[in-house]
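The values are calculated or read from the model by the stated rules, or taken from the named source; none is laboratory data. Only a predicted model underlies this, so the values are computations on that prediction, with no experimental measurement involved. In this analysis, Cβ positions are derived from the backbone assuming ideal geometry, glycine residues included, and neighbour counts consider all displayed protein chains. Surface accessibility is based on the protein's heavy atoms, side chains included, excluding ligands, DNA and RNA. Shrake-Rupley method; radii C 1.70, N 1.55, O 1.52, S 1.80 Å.
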Amino acid sequence: MDFADNLKKCFERIGTYCNSAEYGKAREELDKIEPYCQTPADKARLHYSRGYLNYATVSQLSALLEYRRGLREDPVDSLKLKKECKYSVKLIKKEYAELARVAADIDHMINLRYHEIPEENKTEVDEQTFQLLLGFHQSIRPPRIDNITLGFPKEDIFLGFGDYYAKLTGEKQEEAKRFLEEAYQMTDRESFLTCIRDNPNLHMDGYIGDAMAYLNDESAFAVDTLDEDEKLCFLAKAEFVKPFANYLPDAGIIAWDVSRQIGLTRLAFACDIINREDYCRGMEDMSRILKAGLKSFEEYARSFIFGSALFFFKVKAMNINKATDFMFSIFGYLDMSDLRNIKWMK
C-alpha cells in the first residue's frame, strides 16, 4: 500500500480500531504510517491519533503529551487539540485526586495493621529467614499484567520462603533462565552483576530523587530550562509523588528496589547463574542496606507499596489510574502476608 497517498483512509482505520478496542492494531498502524507523515497537518493528525489511543486506554498524561505535540505541529489548531488538552487536564486532576485518596487509605491501614501486635511481642526469625522475607517481591503474582515488562516470575518458578538455598531443575530452571534473559538480559554472572548494579528499574531512588527535591524546594535545576515535553513529564512525576511523599520513610522507596534485587538474586542462584558465595554475599549486603535504612516492617511496607506505584507509573507510560490500582493490589498482597507480625532485625 502507498501510505503517502492513503493517509486519510489509514487514520480512519486507526479510529475504527480504537473505537472497537483493537488497540494493538491501532498502534501497529500508527507505527507503519509515521514515516509518511511529513507535513505539519499530517504530523498533527498522527499525534492526535496517538493521543486518542492513549485516552482510550486510560493513559491521560500520555494523551496530553501527544495532543500538545500535535498543537506544536499545527498552531492553527484545525483538529481542536486545545479542547482535547483541556479535557485531558480535567481527567488527570481526577486521577491525581483518586491517587491521593487511595494513598491516604493505605497509610491509614498500615498504621492499624502493623500496630495490632506490639513490636516486642512479634515473632523473631533468624537472619536467613529475614533475608527471604525482605525479598517479598518474589511472591507477588498480579493477574492480567505484562510479567516481562514488570519483572514478575510466573507461579511455577516461585521459590517460596522455606529454603534459603532453593534450586530449580529441569524445565522449571529453563523457564526461569528464559525469564531472566528476556526480562533482564541476564545470562551469566557478569550480566547478573551488571543488571543488579545498573538497571534503572531496579534503582527507582534515582527516578524519585529529583521529584522529591522539587517538592521540597531543593531542586538542583530550573524546571523552566527543560523543553516542553520534558517539563510536562517531570512535573507529572512530581505531582504523582506528592500524595504519598510524606508517608515515605527517610530511606524512600528502597524496600521496593532491594526486594526486587533479592528476588532476582535468588532466581539467579537457583538457575546456577551465580555461585553460592556470590549469592550469600549479595543477600547479606542487601539485608544490611535495608536494616540501615528502615526501622520496622511498617516502614518496609510503606517503602515497598509506594515504591511499587512509582515503578508502575514509570514503566507504564505515566498511567496514573493503573499505577493507583497496581499500588492497591500490592498493598493487598502485603496485607495477606505475615510481615506485620514479624519483628524487624537490627
Handout entry: Highest-MSF residue in the chain out of 88, 191, 287 [GNM, Cα springs under 10 Å]
Key = 191
Completion exercise
Rounded to the angstrom and largest first, Cα extents along the principal axes for the chain equal 68, 47, 37
Practice task
Please say if the stretch 86-139 is rounded, prolate or oblate, where rounded means a/c under 1.5 for a ≥ b ≥ c the square roots of the C-alpha gyration tensor eigenvalues, and otherwise the choice is prolate for a/b larger than b/c and oblate otherwise?
Solution key: oblate
Exercise for the section: Whenever you get a sec, compute what percent of the accessible area on the stretch 275-346 sits on carbon and sulfur atoms (1.4 Å probe). Expected result: 53
Exercise for the section: Using the structure shown, list the pairs from 93/231; 8/83; 32/231 with a Cα-Cα distance above 20 Å, or answer none. Expected result: 8/83; 32/231
Problem - Too-long pairs where the Cα-Cα distance tops 29 Å, listed order kept, from 172/343; 9/94; 242/295; 90/242; 177/295 - result: 172/343; 9/94; 177/295
Exercise for the section: Using a Gaussian network model of the chain whose springs link C-alpha atoms within less than 10 Å, name the residue from 199, 111, 216 with the highest mean-square fluctuation. Expected result: 216
Fill in the blank from the handout: The percentage of the accessible area of the stretch 1-84 (probe 1.4 Å, all protein chains present) made up of carbon and sulfur atoms, to the nearest whole number, is 49
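Normalised by the residues of the stretch 46-134, what does the relative contact order come to in percent, with Cα pairs under 8 Å and at least six apart? All intermediate terms of the calculation are to be shown ahead of the outcome.
Numbers: 46 pairs, mean separation 17.9, N = 89.
About 20 percent, as a whole number.
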Practice task
Return the aspartates and glutamates within reach of residue 322: Cα separation strictly under 14 angstrom, same-chain partners fewer than 8 residues apart disregarded; answer none if there are no such residues.
Solution key: 95, 98, 146
Handout entry: Shape of the stretch 4-103, Cα gyration tensor, a/c cut at 1.5
Key = oblate
Practice task
Can you bin the stretch 260-329 into rounded, prolate or oblate? Criterion: square roots of the alpha carbon gyration tensor eigenvalues sorted a ≥ b ≥ c, rounded for a/c under 1.5, prolate for a/b above b/c, oblate for the rest.
Solution key: oblate
Exercise for the section: Identify all aspartates and glutamates with a Cα-Cα distance to residue 25 below 17 Å; exclude those on the same chain that are fewer than 8 residues away in sequence. Expected result: 12, 34
Fill in the blank from the handout: Summed over the other residues with a beta carbon less than 9 angstrom from that of residue 301, with K and R at +1 and D and E at -1, the charge totals 0
Handout entry: Between the stretch 172-218 and the stretch 75-126, the Cα center-to-center distance that results, in Å
Key = 24
Practice task
In whole angstrom, note down how far apart the Cα centers of the stretch 9-51 and the stretch 245-306 are.
Solution key: 43
Fill in the blank from the handout: Between residue 21 and residue 94, Cβ-based FRET efficiency (R0 22 Å, step 0.05) works out to 0.50
Exercise for the section: Using 0.36 nm per residue of separation minus the Cα-Cα distance, give me the extension gain between residue 285 and residue 345 in nm, one decimal. Expected result: 20.2 nm
Completion exercise
Mean accessible area per residue over the stretch 1-97 (1.4 angstrom probe, all protein chains present, square angstrom) is 57
Completion exercise
Most fluctuating of 285, 224, 205 in the GNM of the chain (C-alpha, under 10 Å) is 224
Problem - Point-to-point label distance, residue 215-residue 295, nm (Cα→Cβ direction, 7 Å offset) - result: 2.0
